1. Quickly run through the range 71-104 and pick out the residues that are of a type outside the set (A, V, I, L, M, F, W, C) and in contact with a Cys (Cβ under 6 Å, 6 or more places away or on another chain).
2. Suppose the filter is out of contact with any Leu (no Cβ under 7 Å at 6 or more places or on another chain), touching a residue at least 12 places away in the same chain (Cβ under 8 Å), closer than 23 Å to Leu147 by Cα and not β-branched (Val, Ile, Thr); does Glu40 pass it?
3. Can you find a residue that is surrounded by 20 or more Cβ atoms within 10 Å (Cβ to Cβ), on the phi < 0 side of the Ramachandran plot and of a type in the set (Phe, Trp, Tyr) anywhere in the range 82-90?
4. Does Ile44 satisfy being assigned to a helix (DSSP H, G or I) and touching a helix residue (DSSP H, G or I) at 6+ places or on another chain (Cβ under 7 Å)?
5. Quick one: in the range 148-165, of everything that is without any contact (Cβ under 8 Å) to a residue 12 or more places away in the chain and farther than 18 Å from Glu106 by Cβ, which residue is least open to solvent (accessible area, probe 1.4 Å)?
6. Consider only pairs whose beta carbons are under 6 Å apart and that are at least six residues apart or on different chains; among these, list those whose first residue lies in the range 1-30 and is touching a residue at least 12 places away in the same chain (Cβ under 8 Å) and whose second residue is open to solvent by less than 20 Å² (accessible area, probe 1.4 Å) and in a loop (DSSP other than H, G, I, E, B).
7. Would you check if there is a residue in the range 58-80 being open to solvent by less than 50 Å² (accessible area, probe 1.4 Å), assigned to a loop (DSSP other than H, G, I, E, B) and either in contact with a His (Cβ under 6 Å, 6 or more places away or on another chain) or under 24 Å from Leu147 (Cα atoms) (or both)?
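The values are calculated or read from the model by the stated rules, or taken from the named source; none is laboratory data. This structure is a prediction, so every number in the text was calculated from the model and none was measured. Reconstructed Cβ throughout: ideal geometry from the backbone, glycine too, with neighbour counts over all protein chains shown. We work out accessible area using only protein heavy atoms, side chains counted, and drop any ligands, DNA or RNA first. Shrake-Rupley method; radii C 1.70, N 1.55, O 1.52, S 1.80 Å.
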Amino acid sequence: MTTRRITTADLPEFLQLIDAVERDSEYMLMEPGERDFQSEEEKISKILNLPNCVIIAAEMDHKLAGYIMGLGGQAVRNRHSVYLVAGVLKEYRGRGIGTQLFDSVESWAVSKNIHRLELTTAVKNTSAVHLYKKAGFEIEGIKKDSLKINQSFIDEYYMCKIIQS
């Protein structure tokens with residue numbers, strides 16, 4: 001397994017990866033079929049050119065198996081901070097891909113002088129919470145009734161990792 005930054009040439013496969021992860025995950029923000037992939041391609045193309053944004057993919061068996069997307073703050077006061085979104089295909093979970101993606105994004109963040117990595121995750125998503133804690137993230141707070149999944153309100157954790165320079 002390898003990780004690398006995606007390029008515009010990867011966009012079709014990357015969008016398929018996002019779609020597959022959303023179909024297989026109970027806790028992603030977007031439900032299957034909710035995302036407009038044509039406008040997503042434009043957004044992602046712009047993200048790839050921003051200095052404090054990154055998309056790193058994990059390749060396994062000659063295909064994209066997971067990703068981590070870092071979206072940096074665009075205001076002067078929050079450019080030091082990057083919000084993360086990650087996903088791994090169901091058949092590849094539990095193989096260390098998430099750990100490698102978080103290691104890769106932290107290395108990128110250090111190289112860009114990013115000070116804060118942050119994310120949110122459903123409190124019930126115990127495997128993700130475990131991964132994030134293993135990667136050094138701490139729970140900062142709880143967003144009460146933040147998501148509505150299958151007609152039930154779900155709390156989310158705010159989590160962050162401060163990168164010491």
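1. First, the residues of the range 71-104 that are of a type outside the set (A, V, I, L, M, F, W, C): 72-74, 77-81, 83, 87, 90-96, 98-100, 103-104.
Gly72, the sole residue that qualifies.
2. No: the conditions fail for Glu40.
3. no
4. Considered against the rule, which asks whether it is assigned to a helix (DSSP H, G or I) and touching a helix residue (DSSP H, G or I) at 6+ places or on another chain (Cβ under 7 Å), Ile44 comes out as yes.
5. First pass over the range 148-165, keeping only residues without any contact (Cβ under 8 Å) to a residue 12 or more places away in the chain: 148, 150-153, 164.
Adding the requirement that they be farther than 18 Å from Glu106 by Cβ leaves 148, 150-153.
Values: Lys148: 112, Asn150: 127, Gln151: 151, Ser152: 55, Phe153: 122 Å².
So, considering only residues that are without any contact (Cβ under 8 Å) to a residue 12 or more places away in the chain and farther than 18 Å from Glu106 by Cβ, the one least open to solvent (accessible area, probe 1.4 Å) is Ser152.
6. Matching pairs, first to second residue: Phe14/Ile6; Ala20/Leu89.
7. So in the range 58-80, the residues open to solvent by less than 50 Å² (accessible area, probe 1.4 Å) come out as 58, 60, 64-70, 72-73.
Add one more test, that the residue is assigned to a loop (DSSP other than H, G, I, E, B), and what stays is 73.
From what's left, either in contact with a His (Cβ under 6 Å, 6 or more places away or on another chain) or under 24 Å from Leu147 (Cα atoms) (or both): 73.
Within the range 58-80, one or more residues are open to solvent by less than 50 Å² (accessible area, probe 1.4 Å), assigned to a loop (DSSP other than H, G, I, E, B) and either in contact with a His (Cβ under 6 Å, 6 or more places away or on another chain) or under 24 Å from Leu147 (Cα atoms) (or both).
Residues are listed down the side, and each one gets a yes or a no for (1) of a type outside the set (Ser, Thr, Tyr); (2) open to solvent by 30 Å² or more (accessible area, probe 1.4 Å); (3) touching a residue at least 24 places away in the same chain (Cβ under 8 Å):
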residue	(1), (2), (3)
Gln100	yes, yes, yes
His130	yes, yes, no
Phe137	yes, no, yes
Ser146	no, yes, yes
